[in-house]
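Have a look at the structure below before the remarks.
Every read-out reported here was derived from the displayed coordinates using simple, explicitly stated rules and does not represent laboratory data. As the structure is a prediction and not an experimental result, all values here were calculated from the model. In this analysis, Cβ positions are derived from the backbone assuming ideal geometry, glycine residues included, and neighbour counts consider all displayed protein chains.
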Amino acid sequence: MPELPEVETVVRDLRPELVGRTFTALNVGPQTLRKPWQKTDTPKIIGSTIQHVLRRGKWIGITLSIPEVLLVHLGMTGQFTIANANATVPNHTHFVFTLSDARELRFRDVRRFGSISLLNNEAALHAFLNVQLGPEPADLILKDFQDAIRASGRTVKAILLDQTVVAGIGNIYADEALFRAGLHPERRGTKVKLAECEQLMRAIQEVIAEAIERRGSTIRDYIGGSGLRGGFQHALMVYGRTSEACVRCGTPIRMVRVGGRSSHFCPQCQKPG
DNA sequence: CTGTAATCCTGCGAGC
DNA sequence: TGCTCGCAGGATTACA
């Protein structure tokens, strides 16, 4: 999926186009997403005006002039874009929201791992997000992060993918952060030193910030809210670079499966410890 | 507490 | 050209 930097890019693209606009119509396709959309929700949102577009982790929240709130997840292949109403609607488009300026907000998702649902109110949104998610990378507190890592016997790779430890990291940025911190993906949390936790936290914060600056990584399907691709894929140092030379030492990058996910690392720069 | 595998889906590239 | 296989940015669940 789009991970934090990609979702942030979508939100930044959509926000100025959506805030203040009103939904004048909504068409929902027949195929279900991860969370089924209730038909009774459609008339609720028609006529409502968009107030805020926010991101938490990989989730998008859209608050409206009614109590209900839209909650969106892009899954693996979700695309959430603004388009002119006369532009061709691509296949796998499951939601088309018509806006008061005669443009459309479209949700396209080939693999249908994403979701759009309506929550009763903003309190329910924040309750949901706070249960599902740990802190944003930028808000990490070193002591808490160290405690979370070192209390777990899981691999650091699995810990980084755990959204309750830190929100928004996925497979790409987990691998990139571990490379920057010099940590082997299969290192156990209990075996990570305090100073290494600090390096890892900084690595996460840096790689996420840099990726946001470059509008995220377009590896396959990802596009921003304006339809533009990302550029950070060119700055990736290990992800998708199996067998290529490590940018730091020249050793071929290796790929192993950790916790069912492919993990890319430099066997020279990232020691198991 | 762990890890592993399966599940939800479609599409694409590699290899034969 | 066409087939099968494996793999893909996520998250959840069942089971060992």
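Charges were assigned to the Cβ only: +1 to each Lys and Arg, -1 to each Asp and Glu. The resulting dipole of chain A about its Cα centre is roughly 780 debye. Identify which of A:Asn120, A:Asn91, A:Asn27 has the largest mean-square fluctuation in a Gaussian network model of chain A, with springs joining Cα atoms closer than 10 Å. Of A:Asn120, A:Asn91, A:Asn27, the Gaussian network model singles out A:Asn91 as fluctuating most. Neighbour counts of other Cβ atoms within 10 Å put A:Arg188, A:Arg106, A:Arg257 in the fewest-to-most order A:Arg257, A:Arg188, A:Arg106.
Taking all Cα pairs closer than 8 Å and separated by 6 or more residues, the relative contact order of region A:128-273 comes to 24 percent.
Given all pairs of different Cα atoms, what value in angstroms does the Kirkwood hydrodynamic radius of region A:182-250 take?
Values: mean 1/r = 0.0709 Å⁻¹.
Roughly 14.1 Å, rounded to one decimal.
In terms of Cα atoms, the Rg and Dmax of region A:137-265 work out to 14.4, 43 Å.
Charges at C-beta only: +1 for Lys and Arg, -1 for Asp and Glu. How large is the resulting dipole of region A:4-132 about its Cα centre, in Debye rounded to 20? Can you show the working numbers first?
Numbers: 15 positive and 10 negative charges, 60 e Å.
In total the dipole reaches around 280 debye.
At 222 nm, what value in deg cm²/dmol follows for chain A if DSSP H runs of at least 4 each add -39500 (n - 2.57) and the sum is divided by all its residues, to the nearest 500?
Working: 7 runs with 76 residues, N = 273.
Taken over chain A, the calculation gives -8500 deg cm²/dmol.
Taking 20 Å as the straight-line reach from the Cα of A:Lys271, the aspartates and glutamates in range (excluding those fewer than 8 positions away in the same chain) are A:Asp175, A:Glu176, A:Glu186, A:Glu196, A:Glu198, A:Glu244. Mean-square fluctuation check for chain A, GNM, Cα pairs under 10 Å: which of A:Phe107, A:Phe95, A:Phe128 is largest? Maximum among the listed residues: A:Phe128.
For A:Cys197, A:Cys249, what's the fewest-to-most ordering of other Cβ within 10 Å of each Cβ? Each step should come with its number before you reach the end.
Numbers: A:Cys197 22, A:Cys249 10.
So the residues, fewest neighbours to most, are A:Cys249, A:Cys197.
Can you tally the net charge around A:Gln268? Count Lys and Arg as +1, Asp and Glu as -1, for every other residue whose Cβ sits under 11 Å from the Cβ of A:Gln268. Don't jump to the answer; show the numbers that get you there.
Working: positive: A:Arg248, A:Arg254, A:Lys271; negative: none.
Local charge sum for A:Gln268: +3.
Which of A:Asp175, A:Asp101, A:Asp13 has the fewest other C-beta atoms within 10 Å, and how do the rest follow up to the most? All intermediate terms of the calculation are to be shown ahead of the outcome.
Numbers: A:Asp175 30, A:Asp101 14, A:Asp13 21.
Final ranking by Cβ density, sparse to dense: A:Asp101, A:Asp13, A:Asp175.
Placing unit charges on each Cβ (+1 for Lys and Arg, -1 for Asp and Glu) gives region A:55-212 a dipole about its Cα centre, and among A:Ile149, A:Ala102, A:Gly61 the Cα reaching farthest toward its positive end belongs to A:Ile149. Largest mean-square fluctuation among A:Gly260, A:Gly134, A:Gly225, in a Gaussian network model of chain A whose springs join Cα atoms under 10 Å apart, belongs to A:Gly260. For a modelled paramagnetic label at A:Thr32, 7 Å from Cα along Cα-to-Cβ, the residues of region A:74-104 in reach, with backbone nitrogen under 20 Å, are A:74-78, A:92-96.
For A:Val256 and A:Leu228, the FRET efficiency from 1/(1 + (r/R0)^6), where r spans their Cβ atoms and R0 equals 51 Å, is about 0.95. Residues in region A:65-80 carry Karplus couplings, in order, of 7, 10, x, 5, 10, 7, 10, 10, 10, 8, x, 8, 10, x, 10, 10 Hz; the curve used is 6.51 cos²θ - 1.76 cosθ + 1.60 with θ = phi - 60°, and Gly or Pro positions show x.
Placing one equal scatterer on every Cα of chain A and applying the Debye formula, the log10 ratio I(q)/I(0) at q = 0.09, 0.16 Å⁻¹ is -0.44, -1.16.
Set the Cα radius of gyration of region A:4-132 against 2.2 N^0.38 Å, with N its number of residues, and you get 0.96.
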